[in-house]
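Have a look at the structure below, then the notes.
The numbers here are math on the coordinates, done by the rules we state, and not lab data. In this text, all values refer to a predicted model and were calculated from it rather than measured experimentally. Backbone-built Cβ (ideal geometry, glycine too); neighbour counts: all protein chains shown.
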Amino acid sequence: MKHIKKAGFASSLIVMLAVSGCVPAAEKTSTEPGTELSFKAETPAFYPPHLEDAILFRQRAGSVAVPEDLKAALQRSVPANQRQLRKFPHPYRGMLAFASDIDDTTPEEFAEYHRFLNTKEEIPGVGPGVGLDVGDSMWFYLANDKPNIADKSGHGFEGIMTWFDYTDMTKYRYKDLIKHYWQSGWIDSMHTFGDFSRKNPKDVVFKREYAVKAWEEMKANGIQCEVWINHGNEANVDAFGAFHPKQFSKYQEGDNPKSPNYHTDLTIKNGVHFVWNSKGESQFGNDSPIFEISLRDGQKIWGIHRYTHEQKNRAHDWTWVPREVHRQITKERLDALIENEQYAVIGQHLGGYNIGFPFDEKGVQTLRMLESYQEQGHVLVARTSRLLNYSVAQKYVQYAVAHKDGETWLNITAIQDPLFGPQPLVLDKVRGLTFYVEDPEKTHLLVNMKPLSADEYQVNKPDHTGRGSIGVKWFPRDLTDYSRTAPQR
Ligand SMILES: [Zn+2]
């Protein structure tokens, strides 16, 4: 397709629009917070003059073919120049995720606290939900032998959300429910294969067979899990990522090829790229949420920096419980996150107690404050898998830029993950990537030489650095109450 000269194209389109009176597809009131250009028409058929060019450009950008003479330049992969890449999707300046252990959560608890966290529904006695993107974790098995009351209604082990019935691989317990919440995005990680904690930590129940079966089930049910979070005491030998022969972590056998409990060959092959290795941290914000870990079987994986506790002299003051969320997240910490442009991954046990609705008044206020930081375009709250994937994409994206006729072409050529190789260039892997460019309104954004459609990218006004940018849109906000459609056991 011939590259159309802008002036002629624009004027003929204006005439067309005026005659037909139609509202073009790109005309849409932005619901994104902050300073994204709002493409709201002042009248049904006309745009305000200062937006006209941008809108017309945007309309045709998705359908214009890449000029032949730019193709070679746009495929020349060069390492991303970090100065041209925004740290976070515009307009945000920090990103935060809750990484919650599913420990002792019953379906009733899960539904109640996720309705509050993920939707705007009215929660009895609490008020409307905060509508944040909060994921959770899952278990397949339960072999715990400590007496336990899991929730306020008095459910014991039988009420806990596990895929299988205890360790019986032939009998499902909450499989359909867990699958439903996985598909809805309320679950996005695994808290190991299950709860293998034992009164006597030497009385190990876990074995490789359980791992084999769990991965078979995930595959058969379309679950591609990328995030692994270690759990429990030394009987949980499937844990991995922090083995040290002289430390507490010496029980970790998951990555030991000589152990009957070895599974990281399967676990990494099946897509786990991130592990929380049981080492808690007291630092809230980090420049990067991930760090490299070498496993005992020679493989490498990303470790997760996960805030779990306060350090008091030499003691750990664990704050990863819902009643302490006001100590985990404070205004000062959120402001510092923005100031330093950092990530925070916060450890929690959202359903870990038998106290009913898990947040007290201070906690609810804290979460409303967090919501307002997102509303105001400061801190983006994302489920753990999204935050981690974004951090990899942002750090290792490669792209090429070329110019022609006063327009810029920017092509995302690769996400060169140093541990796992080139990542698939699908939309969900590049979401949020934001590039500073001279004239964002005259920039074509391509992924693997394919132009993004108008609703997949956003043009951003100058931010605090004074520079405008263009970026792939973040995931759309989803406030659906998935507990309504959750299957019964
Ligand atoms: Zn746990």
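Taking Rh as the Kirkwood radius computed over C-alpha pairs, what is the Stokes-Einstein D of the stretch 224-375 at 37 °C in a medium of viscosity 0.692 mPa s, expressed in µm² per second?
Details: Rh = 17.0 Å.
Reported coefficient: 193 µm²/s.
Specify whether the C-alpha gyration tensor of the stretch 322-468 places it in the rounded, prolate or oblate class, a ≥ b ≥ c being the square roots of the eigenvalues: rounded for a/c under 1.5, otherwise prolate if a/b is larger than b/c and oblate if not. Show your work: numbers first, answer last.
Values: a/c = 2.88, a/b = 1.93, b/c = 1.49.
Here the stretch 322-468 falls in the prolate category.
With +1 on the Cβ of every Lys and Arg and -1 on the Cβ of every Asp and Glu, and nothing else charged, how large is the dipole of the stretch 94-376 about its Cα centre, in debye rounded to the nearest 20?
With only Lys, Arg, Asp and Glu charged at Cβ, the dipole is about 880 debye.
Which lysines have a Cα lying under 17 Å from the Cα of K331, excluding residues fewer than 8 positions away in the same chain?
Of all the lysines, those that pass the test against K331 - Cα under 17 Å, at least 8 places apart if same chain - are K362.
Would you compute, from DSSP H runs of 4+ residues alone, the mean residue ellipticity of the chain at 222 nm, taking -39500 (n - 2.57) per run and dividing by the full residue count, rounded to the nearest 500? Walk me through the numbers before you get to the answer.
Working: 12 runs with 119 residues, N = 489.
The helix contribution divided over the chain gives -7000 deg cm²/dmol.
Over all directions, the average projected area of the alpha-carbon convex hull for the stretch 69-210 comes to how many nm²? Before the final figure, lay out each step's value.
Working: hull surface 60.0 nm².
Seen from a random direction, the Cα hull of the stretch 69-210 projects 15.0 nm² on average.
Picking from V204, I187, Y172, whose Cα lies most toward the positive end of the charge dipole for the stretch 163-216 (charges on Cβ: Lys, Arg +1; Asp, Glu -1)?
So the residue we want is V204.
Measure nothing but the geometry: give the 0 to 90° angle between the long axis through the Cα atoms of 361-375 and the longest principal axis through the Cα atoms of the chain, rounded to 10°.
For helix 361-375, the angle is close to 30 degrees.
Mind sorting Y343, Y251 by how few other Cβ atoms lie within 10 Å of their own Cβ, fewest first?
Y251, Y343
On a 27 Å Cα-Cα criterion, which of the cross-link pairs K450/K473; K87/K300; K219/K395; K152/K202 come out too long?
From the list (K450/K473; K87/K300; K219/K395; K152/K202), the Cα-Cα distance tops 27 Å for K219/K395; K152/K202.
Averaging over every viewing direction, what projected area does the convex hull of the Cα atoms of the stretch 384-489 cover, in nm²?
9.4 nm²
If you place +1 on the Cβ of every Lys and Arg and -1 on the Cβ of every Asp and Glu, how big does the dipole about the Cα centre of the stretch 384-433 come out, in debye to the nearest 20?
Dipole size: approximately 180 debye.
Residue farthest toward the positive end of the dipole of the chain, with Cβ of Lys/Arg at +1 and Asp/Glu at -1: which of A111, A402, S153?
Positive-end residue among those listed: A402.
Compute the distribution of all C-alpha to C-alpha distances in the stretch 94-376, in bins of 5 Å from 0, and list the percent of pairs in each, rounded to whole numbers.
Spelled out per bin, shortest first, that is 1, 6, 12, 17, 19, 18, 14, 9, 4, 1, 0.
In 20 Å bins starting at 0, how do the alpha-carbon pair distances of the chain split up by percent?
Histogramming the chain at 20 Å steps yields 22, 51, 24, 3 percent.
Could you list the trypsin sites (Lys or Arg not before Pro) in the stretch 291-395 that lie in coil according to DSSP, counting only those with at most 12 other Cβ atoms within 10 Å of their Cβ?
Of the trypsin sites (Lys or Arg not before Pro), the ones in loops of the stretch 291-395 whose Cβ has at most 12 other Cβ atoms within 10 Å are R314.
Once you place label points 7 Å from the Cα toward the Cβ at A73 and D478, how far apart are they in nm?
In this crude label model, A73 to D478 measures out at 4.0 nm.
With a cut-off of 20 Å, note down the residues of the stretch 467-489 whose backbone N falls inside the zone around a label point 7 Å from the Cα of V126 toward its beta carbon.
Under cut-off, by backbone N: 478-487.
Dipole size in debye (nearest 20) for the chain around its Cα centre, Lys and Arg Cβ +1, Asp and Glu Cβ -1?
Here the chain has a charge dipole of around 1000 debye.
Order 205-212, 86-93 from most to least packed using the mean count of other Cβ atoms within 10 Å.
86-93, 205-212
Would you please classify the overall shape of the stretch 129-176 from the alpha carbon gyration tensor, given that a ≥ b ≥ c denote the square roots of the eigenvalues, rounded means a/c under 1.5, and beyond that prolate means a/b larger than b/c while oblate covers the rest? Can you show the working numbers first?
On the way: a/c = 2.45, a/b = 1.39, b/c = 1.76.
Oblate, since a/c reaches 1.5 and b/c is not below a/b.
Counting other beta carbons within 10 Å of each residue's own, what order do F110, F475, F98 fall into, fewest first?
If I rank by nearby Cβ atoms, fewest first, I get F475, F110, F98.
Reachable aspartates and glutamates from K250, Cα under 14 Å, same-chain residues fewer than 8 places away excluded?
Correct list for K250: E234, D238.
Sort E112, E332, E122, E310 by Cβ crowding within 10 Å, fewest neighbours at the top.
Ascending Cβ contact count within 10 Å gives the list E332, E122, E310, E112.
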